[in-house]
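Encoded as structure tokens, the structure appears first; notes follow it.
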Amino acid sequence: MNEIGRRYEAKAAEFLEKQGYSILERNFQCRQGEIDLIGKEGEYLCFIEVKYRGSSSYGTPLEAVTKAKQRKISRTALYYLMKEGYPEDTPCRFDVVGMVADKAELVRNAFEYQR
């Protein structure tokens, strides 16, 4: 990952902590893929994709989380749950933090699990 990406993930983590999240993992990677941030908010285990854009001229950061990207994140999340021994009924959701310049936008439950 490049330096800009790392910087914006750190800003997103800070933003989420101010929203009441506790960050458990940063840049979780496995063969299935990568999840930028994994955190807890209340009872939910949250798999969080961080998308940055310098401007919105190429679309919003949230539009960059395609179905293919959602499938990859979903598979990686499933692997994480099994690896860490979470019970099957653990409440989970997929959140996206879109960042344009230094402004962050959080979308909770941005997408459902994709097969």
Hey, Ala64 hits all of (1) surrounded by fewer than 15 Cβ atoms within 10 Å (Cβ to Cβ); (2) in contact with a strand residue (DSSP E or B) (Cβ under 8 Å, 6 or more places away or on another chain); (3) among the hydrophobic types (A, V, I, L, M, F, W, C) but one; which does it fall short on? (1)
Mind checking which pairs have a first residue in segment 42-55 that is surrounded by fewer than 18 Cβ atoms within 10 Å (Cβ to Cβ) and a second that is basic (Lys, Arg), Cβ under 6 Å, 6 or more apart or different chains? Tyr44/Arg93
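Every read-out reported here was derived from the displayed coordinates using simple, explicitly stated rules and does not represent laboratory data. In this text, all values refer to a predicted model and were calculated from it rather than measured experimentally. As a convention, Cβ positions derive from the backbone with ideal geometry for all residues, glycine included, and neighbour counts pool all protein chains shown.
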